[in-house]
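> I am attaching a structure below and will ask some questions about it afterwards.
The values are calculated or read from the model by the stated rules, or taken from the named source; none is laboratory data. If you're wondering where the values come from, they're calculated on a predicted model, not measured in any experiment. Note that we place each Cβ from the backbone using ideal geometry, even for glycine, and neighbour counts take in every protein chain shown. These area figures cover heavy atoms from the full protein model, side chains too; ligands, DNA and RNA do not enter into them. Shrake-Rupley method; radii C 1.70, N 1.55, O 1.52, S 1.80 Å.
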Amino acid sequence: MLAPAYIDFVLPNRWENIELKGEVEVYLMAAETGFFHEVTSKFRTRISERMMAFAQSPFILFSSEDAVRMESLVSALFSSMTERIDVFRRELVQSLMCAFLCELWNVVFRQCRSVLQPAELYKWGDSGGHFLHLAHVHCREHHEVKWYCEQLGISANTLTAVTKRLYGKTARMIIDELLLEEAKLALRNPDYSIQSVSDQLFFSDQSAFGKFFKRCYGISPALYRRQIFQGEIK
């Protein structure tokens, strides 16, 4: 199961050990990438500080007032997608989706204290947000920091300064963490051989993949898979 795409990337999180009490109402929103980028372009820089933390733990506790506001926005958004509005339908849907996301991020930021000043967010935010998006989308085929620097037009030192200030981690660490999650997810699929997983993640060979996995996780891919299938790891 994938984490909610409240931001412009989706992290392959596995939701486990979730207890639901009473009736639960679920809304699934799916948007074409370009359309969603248009919606988020105006405020993506301002939320860069919290992007990674939210992606890793995308569960937000709403107050009763928050829930009422969010439900009204969802209702208006879904209604606009089903009504026959031809002239400004796209603009209306985008505006309502933007309002929904802004309200969501207001809740996120109310539950945490910002560690950056507005000037710092302006300076670092756009590069940090763009890097995270690229890393989530392209970590499978691009493992090197150099490639991301070329896309962003900044040096490796600058990118590392940005990610350490925003997220407390180097760009290398972020790429490796995302790639490791992709590897663990693929290894859980019994239809994929370890060689197949290595190929899917664009490693030069199975040995290189094994060294990466053991460096990041502490055990070999084969041992990880065996422990998964034996129920030793959940």
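> Computed FRET efficiency, Cβ-Cβ of residue 199 and residue 126, R0 30 Å: what is it to the nearest 0.05? Working shown, then result.
Details: r = 34 Å, r/R0 = 1.14.
So, using R0 = 30 Å, E works out to roughly 0.30.
> While we're looking at this one, here's another question. Report the calculated FRET efficiency for residue 111 and residue 138 (r = Cβ-Cβ distance, R0 = 45 Å), to the nearest 0.05. Write down the numbers at each step before the final one.
Details: r = 30 Å, r/R0 = 0.67.
Efficiency, from the Cβ-Cβ distance: 0.90.
> Same structure, new question: How much length would be gained if the chain were fully extended between residue 223 and residue 164, taking 0.36 nm per residue of separation minus their Cα-Cα distance, in nm to one decimal?
Net length gain for the segment: 18.0 nm.
> Mind scanning 146/214; 21/214; 21/169; 42/184; 169/214; 42/211 and naming the pairs with a C-alpha gap bigger than 31 Å?
Long pairs (Cα-Cα over 31 Å): 21/214; 21/169; 42/184; 42/211.
> If you take the beta carbon distance between residue 72 and residue 23 as r and set R0 to 22 Å, what does 1/(1 + (r/R0)^6) give as a FRET efficiency, to the nearest 0.05?
That gives a FRET efficiency of 0.70.
> On the full set of protein chains, 1.4 Å probe, figure out the accessible area of residue 170 and give it in Å² to the nearest 10.
Its accessible surface works out to 40 Å², give or take rounding.
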